[in-house]
Every structure is written in C-alpha cells, then in structure tokens.
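A short write-up of the structure that comes next.
The values are calculated or read from the model by the stated rules, or taken from the named source; none is laboratory data. Bear in mind that the values here come from a model prediction, so they are computed numbers and not experimental data. Here the Cβ positions follow ideal geometry from the backbone for every residue, glycine too, while neighbour counts run over all protein chains shown. Surface accessibility is based on the protein's heavy atoms, side chains included, excluding ligands, DNA and RNA. Shrake-Rupley method; radii C 1.70, N 1.55, O 1.52, S 1.80 Å.
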Amino acid sequence: MQQLKTEIQRLTFSEFIEWKPDGSHYELYDGVPIEMPQPLGQHEDIASFLAEQVTAEYLRLNLPYRIPKHALVKKPDAESAYLPDVLVLNRPNLIHEPLWAKASTVTLGASIPLIIEVVSNNWRVDYLTKVKDYEEMGIREYWLVDYLGLGGRRFLGNPKQPTIFIHEFIDGEYQVSAFREQERLISPTFPELLLTVAQVFQAGSD
C-alpha cells in the first residue's frame, strides 16, 4: 500500500467518500486514506475463483446473497473502511444499513455472512487490524487466504506454510481453524462447499 502525500489530512468517513476519486481503490485507516496497489495476477485469480465458488454455492442453496464489486465495510464507531477481496452480502439486511444507498457501505455484522481477504505484502493489516475490526463488528466468518505464506511465523509456523485461516464468530469472538495442502475447507456459512486448499491455490497458478 502507498500512503497519500502528507498534505492529506485525516478525514471523516463522509469526507473520504466525497474525496475518493471515481474508479479508484482506497481504504480508510483511522481517517487516513490509503491507495490499494494493483494486485498480482495470482492474487486476482484466487479472489475471482473464490467468488465464483461461493456464488455457485449460494445460488444452489437459493440464499438471498450477492457479491458486490466495490462495496466498503465500515466499523460503526471508527473512521476506518475496508474494500475486501470478496464480500458476501445478506441483501435483506441492507434495509437496515444507513450508508448503503448513498455510499454502498455496510456497517452491520448481520449484513455480512462472509468476507475473504487474499493476503498481500501488507499482511499485518489482514492478520491483525481487520481481524480485530471484523470480530468487533460480529462478522460471522472471515477467511484469510495466505497463498504466498507472507504472514508471521507465529501464524504460519517455521518454516512458513501457505495457509487458509477460517475465523468463525462464536460467543463474541473468533475461533480460528487453519487449513493446508489437500485439506478440505470447512465453512460455517457454506458447510457443503467442496473445496480444498490445493484447489484454491491451483486457481492462481493455472
């Protein structure tokens, strides 16, 4: 990520939405806009593959979900907003979202069955900042897809191993499961999803 020039002052979320250039990709961290760099092709392949797999599953189950292209996730009590790689929305709950109509932004955990982040070089944001904020929002499921093994050794082991972490919101906090290699991913939201870690990572190398 590249921080904006120092003359950019801290912004409220409303100011951020008004300021953000059309067609740009920015996140807001405690009032500081951060431009998201162009992702690697492998990153995009994996994110697209996962979006396709999840879409096929919620359509099969006839669930009222949808995956938007550029919607933001905002912590209600903070000037922070994120642009996930894959954001699954529970459309019936959008009527309760105060920022949806004008800013395509969600703030309620009940609106978000699943978020997927494909880890990039700024891995601490995905592993630390977003985990904390998504947990506090009560988002029921959060995937961390670390296909390059970029995270810290305390998460990935030594030597590091590419891993997918699935965080499930239980009794007010995340319970985390780690999946590697040929292991099948166990999704609380989509328990019948038949997908292995190897299949996900292979999607980025075909």
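General observations
- Derived scalar couplings ³J(HN,Hα) [segment 19-36; Karplus, 6.51 cos²θ - 1.76 cosθ + 1.60; whole Hz; x for Gly, Pro]: 7, 4, x, 4, x, 8, 10, 10, 10, 10, 10, 6, x, 9, x, 10, 7, 7
- ³J(HN,Hα) computed for each position of segment 145-161 - Karplus, 6.51 cos²θ - 1.76 cosθ + 1.60, integer Hz, glycine/proline x: 9, 9, 6, 9, x, 8, x, x, 5, 5, 9, 9, x, 9, x, 5, 10
- About its Cα centre, the dipole of the chain is roughly 60 debye, where the only charges are +1 on Lys and Arg Cβ and -1 on Asp and Glu Cβ.
- Under 26 Å from the Cα of residue 74 - lysines, other chains or at least 8 residues apart: 5, 20, 102, 130, 132
- Accessible area of segment 95-206 belonging to carbon and sulfur atoms, whole % at 1.4 Å probe: 50
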